[in-house]
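Below is one structure, written out as structure tokens; the observations come after it.
The values are calculated or read from the model by the stated rules, or taken from the named source; none is laboratory data. Given the structure is predicted, the values throughout are model-derived calculations rather than measurements. So basically every Cβ, Gly included, is an ideal-geometry build from the backbone, and we count neighbours across all protein chains shown. What goes into the accessible areas is simple: the full protein's heavy atoms, side chains included, and nothing from ligands, DNA or RNA. Shrake-Rupley method; radii C 1.70, N 1.55, O 1.52, S 1.80 Å.
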Amino acid sequence: MAYVIPAPSLPALPVAGTHDLFPVRRVYCVGRNYAAHAREMGDDPTREPPFFFMKPADALQPIAEGATVDHPYPPKTGNYHFEIEMVVALAKGGRDIPVSQALDHVFGYAVGLDMTRRDLQDEAKQLRRPWELGKSADLSGPVGPIHPVSAVGHPANGTISLTVDDASKQKADLSDMIWSVAEQIAYLSTYFEIAPGDVIFSGTPDGVGAVTKGETMAGAIEGLGEIRLRVV
Ligand code: MN
């Protein structure tokens, strides 16, 4: 048997310091996981259960180490926002994973951006519609090289930051997360059977804002390097 059309290629992310690729199955994103960001969005930052949305796996934009890459401004928005996030790449799957075993499922960590058509997301919130038009634009998930746990361990603190044209926009510490990576994995695995190749965007700190064409975003996480994107 053969496919009746050309089979789409498997989305994949580079692994830092190697020529290897991490194949991507699903992309989960945690909403509202830093208290100060919840407040700036008008939400209550109390420790209510985490919530998740998804991006299509082919909405990831793999970013090579060191280069400044072009990031296309998407259509149908006038308020395109950056959200710097730590990305967690899973090597093992399962269901109902206990918090105490959750980190055993992680392959590695990377710097990512949850790019968001904020005007379309706000409209969806108001109209009680789903978030895809706001959150799932093509290439709306730039992700840098994945750093394996064997090299970096499990980053639980350290600076997470983003600049636009060298001006500081977001700056926080990974320890500011409301729900830890282990808790995110455990919680997610009660709703879905997670699997090797799944990645989780672990939420953004405060300071989100809009970019326009010509501006350069640089997102960094201590120990995980930096990604640089010029909006075109
Ligand atoms: Mn986000």
Check: Restricting attention to region 191-219, which residues are buried (at least 20 other Cβ atoms within 10 Å of the Cβ) and aliphatic (A, V, I, L, M)?
Finding: ILE194, VAL199, ILE200, VAL211, MET217
Next item on the list: Report, by residue number, each residue of region 145-169 that is within 18 Å of VAL181 (Cα to Cα) and part of a loop (DSSP other than H, G, I, E, B).
Entry: GLY153, HIS154, PRO155, ALA156, ASN157, GLY158
Notebook entry, point to check: Where residues in region 44-77 are charged (D, E, K, R) and open to solvent by 50 Å² or more (accessible area, probe 1.4 Å), which of them is nearest to GLY134 (Cα to Cα)?
Noted result: LYS76
Check: Taking the stated definitions as given, is GLY203 farther than 19 Å from HIS37 by Cβ, modelled with pLDDT of 95 or more and not in a strand (DSSP E or B)?
Finding: no
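From the list HIS147, HIS105, which one is surrounded by 14 or more Cβ atoms within 10 Å (Cβ to Cβ) and out of contact with any Phe, Trp or Tyr (no Cβ under 8 Å at 6 or more places or on another chain)? Before the answer, list the steps.
Details: HIS147 fails: out of contact with any Phe, Trp or Tyr (no Cβ under 8 Å at 6 or more places or on another chain).
The conditions single out HIS105.
What residue, of LEU224, LEU188, is within 16 Å of the ligand (Cβ to nearest atom) and open to solvent by less than 10 Å² (accessible area, probe 1.4 Å)? Before you say what the answer is, go through the steps one by one.
Numbers: LEU224 fails: within 16 Å of the ligand (Cβ to nearest atom).
On inspection, the qualifying residue turns out to be LEU188.
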Notebook entry, point to check: Has region 77-99 got any residue that is on the phi < 0 side of the Ramachandran plot, away from the ligand (no atom under 16 Å from the Cβ) and without any contact (Cβ under 8 Å) to a residue 24 or more places away in the chain?
Noted result: no
Next item on the list: Taking only region 5-43 into account, find how many residues are surrounded by 15 or more Cβ atoms within 10 Å (Cβ to Cβ), assigned to a strand (DSSP E or B) and either of a type in the set (D, E, K, R) or away from the ligand (no atom under 15 Å from the Cβ) (or both).
Entry: 5
Item checked: Scope region 34-65; condition among the small types (Gly, Ala, Ser) and under 21 Å from PRO11 (Cα atoms); matching residues -> ALA57, ALA59, ALA64
Next item on the list: Could you list all residues from region 113-131 that are in contact (Cβ under 8 Å) with a residue 40 or more places away in the chain, away from the ligand (no atom under 14 Å from the Cβ) and in contact with a helix residue (DSSP H, G or I) (Cβ under 7 Å, 6 or more places away or on another chain)?
Entry: LEU120
